[in-house]
Amino acid sequence: MDLKLEVVIVPVSDVDRAKAFYTEKLGCRLDADFPIEDDYRIVQVTPPGSECSIIFGTGLTPTAPGTYLGPHLIVTDIVAAQAELTERGVAVSGPFRDVTGAFHRAGDAKRVPGPNPERLSYGSFASFEDPDGNQWFLQEVSQRAPGR
């Protein structure tokens, strides 16, 4: 049985502001914008190269805007991705790595500035927030682990 992650729902307070951020700043493709009722609107965007989409809107989730922490967008070059997003007006923190060289921890604890010195796949990160404070991570993956 295949189980594929297809959609992630992100809580936002202003749908049009979120739509502009995700399409204009992040470069996501706008897949759908369905204003179904006054209190029910579905907007779906897909990051470039991704098979998983992001949905936000009104009436979709009881989760408070700004509380979604940790989804990862995978990039092949963390430095280039940070530069491109910064040029588009996104405030990006990083690149950084965990002091242990493993996966990053929540918050800013034990972060070492700069990408992984050997640029090992899965070892370099950067982060940014959407206009509501939902925190996203960039993770550099230049060579996939076996089976991925």
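Of the strands (runs of 3 or more DSSP E) that lie entirely inside the stretch 1-80, those containing 1 or more residues that are touching a Lys or Arg at 6+ places or on another chain (Cβ under 9 Å) and among the hydrophobic types (A, V, I, L, M, F, W, C) span 29-37, 40-46, 53-58.
TYR40 meets all of the listed conditions (1) among the aromatic types (Phe, Trp, Tyr); (2) free of Cβ contacts under 8 Å to residues at least 24 places away in the same chain; (3) more than 24 Å from LYS4 (Cα to Cα); (4) surrounded by 17 or more Cβ atoms within 10 Å (Cβ to Cβ) but one, namely (4). Is at least one residue of the stretch 115-130 part of a loop (DSSP other than H, G, I, E, B), of a type in the set (Ser, Thr, Tyr), in contact (Cβ under 8 Å) with a residue 24 or more places away in the chain and within 30 Å of PRO35 (Cβ to Cβ)? No, every residue in the stretch 115-130 fails to be part of a loop (DSSP other than H, G, I, E, B), of a type in the set (Ser, Thr, Tyr), in contact (Cβ under 8 Å) with a residue 24 or more places away in the chain and within 30 Å of PRO35 (Cβ to Cβ). A single member of THR86, THR100 is outside any strand (DSSP E or B), β-branched (Val, Ile, Thr), surrounded by fewer than 17 Cβ atoms within 10 Å (Cβ to Cβ) and modelled with pLDDT of 95 or more, and it is THR86.
For SER142, the conditions (1) surrounded by fewer than 17 Cβ atoms within 10 Å (Cβ to Cβ); (2) more than 16 Å from the chain's Cα centre (by Cα); (3) without any contact (Cβ under 8 Å) to a residue 40 or more places away in the chain all hold with the exception of (3). Hey, could you check the stretch 44-73 for residues that are in contact with an Asp or Glu (Cβ under 8 Å, 6 or more places away or on another chain) and surrounded by 13 or more Cβ atoms within 10 Å (Cβ to Cβ) and say which is nearest to PHE34 (Cα to Cα)? Taking the candidates together, the pick is GLN44.
The values are calculated or read from the model by the stated rules, or taken from the named source; none is laboratory data. Source: prediction; values computed, not measured. Backbone-built Cβ (ideal geometry, glycine too); neighbour counts: all protein chains shown.
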